[in-house]
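Structure first, then comments.
Computed from the coordinates by the stated procedures, all read-outs in this text should not be read as laboratory data. Quantities reported herein were computed from a predicted structural model and do not represent experimental measurements. Neighbour counts are summed over all protein chains in view; Cβ atoms, including those assigned to glycine, are modelled from backbone coordinates with ideal geometry.
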Amino acid sequence: NKGSLWGGRFATGPADVMAALSKSTHFDWKLARYDIAGSKAHARVLHRAGLLTQDELDGMLSALTELEADVVAGRFQPAESDEDVHGALERGLLERAGTELGGKLRAGRSRNDQIATMVRMYLRDESRRIAAGVLDVVEALTAQAQKHPEAPMPGRTHLQHAQPVLLAHHLLAHAWPLLRDVDRLRDLDRRMAYSAYGSGALAGSSLGLDPAQVAHELGFNGPVENSIDGTASRDLVAEFSWVTAMIGVNLSRISEEVIIWATKEFGFVTLDDAYSTGSSIMPQKKNPDIAELARGKAGRLIGDLTGLLATLKALPLAYNRDLQEDKEPVFDAVDTLQLLLPAVSGMISTLTFHPQRLAELAPQGFSLATDIAEWLVRQGVPFRVAHEVAGECVRACEQHSPVKELHELTDQELAAIHPALTPAVREVLTVEGSLASRDAVGGTAPVRVAEQLQAAQQKAADF
Ligand code: ARG
């Protein structure tokens, strides 16, 4: 088995079923360019350690550069006989540098430290791309908030009308978790910035190679402190996967609301034609498929994370072949978000909100009851009493047929409920009054929301 990295002690080659199960080139080929970058750095430390002459180093580097160009152009591809990306690229190197020189590169490294390092390089690059995609969603949300600085909407808890809030306030409430996701990716990068190269199979190298040099050449802050940890741990892959699952969950929460908002019953938004789909039988349909796919794919991202955690659970140290199963879920998570993020930001930025409908609904469902209670507190009534009184106002409204809203109670009706309920209470029985009164930091008063919008935009710009 000429291409194999490990033929020597075997009398026969692997059975077809063994080779088929073992094979990973159909997914790990994605890492080929990182592998070649690692090989170049490794060639340089071999030279530094006196294990390659200058001529050999030059020959090795030019063969690797040629191989890289062939990989990028698709001229070099994994063959049926290649077990994994490392084996395939070794074959490519031997074809270009000759078996004599090419055969020297593998000294002092193992696929175990190679793969651990390549995956970190991949995840660091993809983290940056995902962060940019998440920031586009944030930008879509803040742009909509900016477009509707004063529009009220019914704020809900338990999906029931609770208190009026500004639409901008609500939209920004979706932006902050996403900003924290970007923060998480940045923070995770600090931990991923250590290279496993030099760990060898698990115990390190005896050849006088300098792991710090390889690490710096590959853009890491330094090498890992422990070669067993370097080759056996996948907590960073799991942490990355958790962040992608969290992003999926955050997108699905936005999406669920878009789906509800676009119903006939809510009528808060209209989806743009370019970001919705039709039905093959019902000519009138306009469906929120992006939002539904985002909601569905959140499940898939959670599955990627839980599958990986299940693989890691109870694995003994150090490397085990189970660890090869880390890649497909994490690649899937990356590919899923690359598809999803631009679709969601496009959907959000092209939503048409209906401020009139939102404003009409904002005071309904007795959503100003808390304002009555808090107004009474400002008149010196204890909150326990004020809460009861406001509750009685709601009950009085419900005794009418059709049911009244709080502002429709007469002065006499109010006074009969409690003597402190003078007509002056009407100042908070409007949505505008209610909104304006919630003016502490983080509240829904227009002046605070305007500040909050600026803070969110600033936070996004600072990344
Ligand atoms: N393809 C493996 C992985 O993805 C790396 C190869 C390690 N193989 C081995 N027999 N030690 O984890």
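Length gained on full extension, residue 292 to residue 207, computed as 0.36 nm times the residue gap minus the Cα-Cα distance: 25.1 nm. Between the beta carbons of residue 190 and residue 249, assuming R0 = 25 Å, the FRET efficiency works out to 0.60 to the nearest 0.05. Using a cutoff of 8 angstrom between alpha carbon atoms and counting only pairs six or more residues apart, the relative contact order for the chain works out to 16 percent.
Placing a label point 7 Å from the Cα of residue 413 along the Cα-to-Cβ line, the residues of segment 359-374 whose backbone N sits under 20 Å from it are 360-374. Database remark: amide H of residue 165 closer than 5 angstrom to the amide H of 153, 155 (H placed geometrically; neighbours at sequence offset of 5 or more, or on other chains; Pro and chain starts carry no H).
Shown here for segment 228-311: trypsin sites (Lys or Arg not before Pro) in loop regions (DSSP other than H, G, I, E, B) with at most 16 other Cβ atoms within 10 Å, namely 264, 285, 286. The angle between the Cα long axis of helix 32-48 and the main principal axis of the chain comes to about 50°, on a 0 to 90 degree scale.
Our estimate of slack between residue 58 and residue 383, defined as 0.36 nm per intervening residue step minus the Cα-Cα distance, is 108.8 nm. Across segment 305-316, rounded Karplus estimates of 3J(HN,Hα) from the backbone phi angles (6.51 cos²θ - 1.76 cosθ + 1.60, θ = phi - 60°) give 5, 5, x, 5, 4, 5, 5, 6, 4, 6, 5, x Hz, Gly and Pro being marked x. Between the listed residues 381, 242, 260, the Cα displaced farthest toward the positive end of the dipole of the chain, a dipole computed from Cβ unit charges relative to the Cα centre, is found at 242.
Helix 235-261 and the longest principal axis of the C-alpha atoms of the chain enclose an angle of approximately 30°.
Listed values for segment 345-352 are Karplus-derived 3J(HN,Hα) couplings in whole Hz (6.51 cos²θ - 1.76 cosθ + 1.60, θ = phi - 60°), namely 5, x, 4, 5, 5, 9, 5, 9, and x replaces Gly and Pro. Sequence-ordered 3J(HN,Hα) estimates for segment 179-186 from the Karplus curve with 6.51, -1.76 and 1.60 and θ = phi - 60° stand at 4, 5, 5, 5, 4, 4, 5, 4 Hz, glycine and proline given as x. With all pairs of separate Cα atoms included, the chain yields a Kirkwood hydrodynamic radius of 26.5 Å. Once the Cα atoms are used to define both axes, helix 54-72 deviates from the longest principal axis of the chain by about 50 degrees.
From Cα pairs below 8 angstrom and at least 6 apart in sequence, can you work out the relative contact order of segment 16-107, rounded to a whole percent?
38 percent
Taking a point 7 angstrom from the Cα of residue 461 along the C-beta vector, which residues in segment 136-177 have backbone N less than 14 Å away? Answer for this model: 139, 143.
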